[in-house]
Structures are given as structure tokens and as C-alpha cells.
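Worksheet: one structure, shown below.
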Amino acid sequence: MNTESYPQLRIDLGKLKDNAQSIASTCADSGIMVSGVVKGCGGMLEVCQAMLDGGCESLGSSRIDQLKEIKKYDGRIETLLLRLPMQSEIDEVIYYADCSLNSDKETLALLNQSCERKNTRHKVVLMADLGDLREGIWYLDDLVELAMFVEFELERIDLHGVGTNLGCYGSIKPTKEKMMELSDSADAIEKAIGRQLDIVSGGATSSYPLVLNQEMPPKINHLRIGENILLGRDLKDYFGISMPEVHSDAFQLYGQIIEIQTKPSYPVGELFIDAFGNKPEYVDKGFRKRAIVAVGKQDFGDHEKLIPLNKEIDLVGSSSDHLIVDLTDDQQHYKTGDVLVFNMYYQPMLHLCANTEISKVFISPE
Ligand SMILES: *Cc1c(COP(=O)(O)O)cnc(C)c1O
């Protein structure tokens, strides 16, 4: 890999392993297993391995193509499909996912048929919607009925457990009360089928604070964690949780400066629309020293989700291929050709990892 090629994404595998290790062991202390969620980094196999090395018991993604690559890499890795299966991908789901999250009776019947054709089995976790209004079954009675359908009528499908998802569409916070509701749903299903479920999956990164505060009901024994292992930013910055043991700089963007000029901060001429058809507001700060970095929205999405390491510089704006940075208050005296480094939130990681034009440089612990 050419380390002089920009824009560049540096991925510190040691830090990712550390993060997985600290989160998985904290969860283990409360009897909770962790599926490492790799969709945020496009299912990158190096990252998958770091999560497994850190103690994740399985790997999850919303995309079956990523699970396929994981299975090709090592068929023994336990894979979890996080997005409800499309009817157009049923056979792939059976081949590449050991377990999938589900809420649809017809899809479950199709999974069962596919297993019959292939003479194999598949595990499912039924999703309960506890208010976030994305996937999942709304009424407990319907959930129990679907569980009984899987348990008693689908011979090739193993009812592995029940789960929920919060804080995605409806921005609902996972609370002790919501987790009790899931725990009660699991009890109702177990009563109806006459046996224990293997897993009760209490959500994603946003459920982790309940583990840290030791507030998770004992029945919750599984979480699906992506962001807190990959970036460890949301809980620190949005929930105000102190987690010094979690690194927040395992993914860093390196971009090269292609122009430095002192020019007005307020556009000159008749204000119309920008490159994306928007009419942004501009603040007139007079003449400012500004740099252009050769990386843009096409690479990272929204520049406001990038965090420059140098606190004296300010991200002013971006277009598809350009990032404009205010250097007026900076003491480092950059010149053209210098490189700026950024930490990031989830969205830039998602875009940068998926973009094949970005050089990926892995930093290994040894
Ligand atoms: C993406 C996803 C997760 C992981 O979410 P993070 O916030 O990255 O931890 C868990 N469960 C489901 C169903 C998901 O789609």
C-alpha cells in the first residue's frame, strides 16, 4: 500500500481490537455476548478479524454481500444478518448467514423452504418494535403467535431468540423500562413454546450504557455493537459517557492541501445556489487565510461530521471534491502539500470505507 497516496484512511487494528476487548469483557461480566457489527466499515475483513480477536462471539451486518465475504474468509465465523431478509436474497441468506433478524411470516416460510431444498438449518431472532418504529412486531400477541409458528410449523428454522432495535428511526432511548419490556416479551414467548430462548438481544451501541451502569435486566444476554467498537464517539459525545478505555481515533482521514489563499469569507457577487442546489448562509468574517484540501462530499458525506485533530482550524464548507478550511487562527503555518488529519463520526467512516478510490492503510499492533 502506498502511504503517500491521498486521500487516505488509516485504520488502527490494535485500537479496534482493544475496543472490542474492553466492550466484550464488560458485557461478559453481565452475562452478555457481543456480535461485532461491521456494516459501518463495509465489512472490511481486517476489521472483522480485530473484532473477533477482541472477543466478539459473532459478526453482524445488514448486507448479505459482506457476510458472504466473511464466510469465504473463514467459514467457521458465526454470521448474523441484521436487516430483515429480502425475498430476493433468501438463498444467499441461508448460505451466508447463520442467523437472521426477522419479523415477516412469509419471509420466514421462504427461509424454511430454502433450507429444505439445501437440506440445512437456519436460526432466526424475531424482532419486537418497542417504539422506535423501524423493524419489528408491534403487538406482543402477534409476536408470540409468530414465535409459535416458527417453533411448531417451520421444521428447518430454529427460533434462536427475540430482539429489539432502538435509537435508529424514532430516536428512542434504550432504558431499563424498555429492556424490561423486551425481557417480559421473551418470558411470554418462552411460556408459549415451553422452553428457554437462546438469546434476548437488547439492541446496539445505544444500549451499552445500561451495561456500564449495571442496569440491564438479567434476561438480556446479547447486544449487537458497531459504532462503539469502531469509533467510540456517540456515547462519549451524545450521551456524555466517560469511557477512557475506548479509543475514538481508530479511523483517521488524511487529506492533502492543494491551495492556501487569503480571501474574503463572504462570497462576492449575486448569491444564487451552491453545487448541490442549496442556498447556504455565509458569515462575513472579513478576509481569512483558507486552505483547500483535496477530499470532498463524495468521499466523506458531510464535513460537519469530521473532527480536525488541530483544534485551531475550522471546517468552513465542502463540495464534491473540495474541503475548505479556515487556517487564520492556526499556529502551524501549513503550506501546500501538507496533510491535515481528521477524526470522524459514523457517516464519514461509512462513506470512506465504501469508497474504493480512498487508499486504506492498516496499522497493525506489532
Ligand atoms: C446497525 C445495526 C446495529 C449496530 O448499531 P451500532 O449503533 O453501530 O452499534 C445493531 N442492530 C441492527 C439491527 C442494526 O441495523
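I'd like the orientation of helix 64-73 relative to the chain: the angle between its Cα long axis and the longest Cα principal axis, in ° from 0 to 90, rounded to 10.
For helix 64-73, the angle is close to 90 degrees.
Which one of MET179, ALA204, ASN228 is farthest out on the positive end of the charge dipole of the chain, using unit charges on Cβ (Lys, Arg +1; Asp, Glu -1) and the Cα centre as origin?
Value: ASN228.
Would you mind getting the Kirkwood hydrodynamic radius of region 215-297 from its Cα pairs, rounded to one decimal in Å?
17.8 Å
Could you give the angle, 0 to 90 degrees to the nearest 10, between helix 13-29's Cα long axis and the longest principal axis of the Cα atoms of the chain?
Approximately 40 degrees, to the nearest ten.
Give the Debye-formula value of log10 I(q)/I(0) at each listed q (0.09, 0.11, 0.13, 0.21 Å⁻¹), with one equal scatterer per alpha carbon of region 119-242, two decimals each.
-0.26, -0.39, -0.53, -1.17
Sorting CYS41, CYS353 on the 10 Å Cβ count, fewest up front, what's the list?
CYS353, CYS41
Determine the shape class of region 46-145: with a ≥ b ≥ c the square roots of the Cα gyration tensor eigenvalues, call it rounded for a/c under 1.5, and otherwise prolate if a/b is greater than b/c, oblate otherwise. Don't skip to the end; give the middle numbers.
On the way: a/c = 2.31, a/b = 1.35, b/c = 1.70.
Taking the square roots of the gyration eigenvalues as a ≥ b ≥ c, region 46-145 is oblate.
Find the percent of Cα-Cα distances in the chain that exceed 38 Å, and round it to a whole number.
The share of Cα pairs beyond 38 Å in the chain comes to 27 percent.
Please arrange GLU190, GLU366, GLU116 by how many other C-beta atoms lie within 10 Å of their C-beta, fewest to most.
So the residues, fewest neighbours to most, are GLU366, GLU116, GLU190.
Give the order of ARG156, ARG121, ARG224 when sorted by the count of other beta carbons within 10 angstrom, beginning with the fewest. Write down the numbers at each step before the final one.
Numbers: ARG156 17, ARG121 13, ARG224 25.
In increasing order of surrounding Cβ atoms, one gets ARG121, ARG156, ARG224.
Report, ordered by chain and residue number, the lysines lying within cross-link reach of LYS289, taken as a straight Cα distance under 24 Å and ignoring same-chain residues fewer than 8 apart.
Those lysines meeting the cut-off are LYS263, LYS279, LYS297, LYS305, LYS311, LYS335.
Report the convex hull volume per residue for region 1-111, counting only C-alpha atoms, in Å³.
122 Å³
Which shape class applies to region 272-366: rounded if a/c is under 1.5, otherwise prolate when a/b exceeds b/c and oblate if not, where a ≥ b ≥ c are the square roots of the Cα gyration tensor eigenvalues? Numbers along the way, then the final one.
Numbers: a/c = 2.14, a/b = 1.25, b/c = 1.71.
Oblate, because a/c is 1.5 or more while a/b does not exceed b/c.
Throughout, read-outs are computed from the coordinates displayed, never taken from laboratory work. Not measured: the values here are computed from a predicted model. Counting neighbours? That spans all protein chains shown, and the Cβs are built from the backbone with ideal geometry, glycine included.
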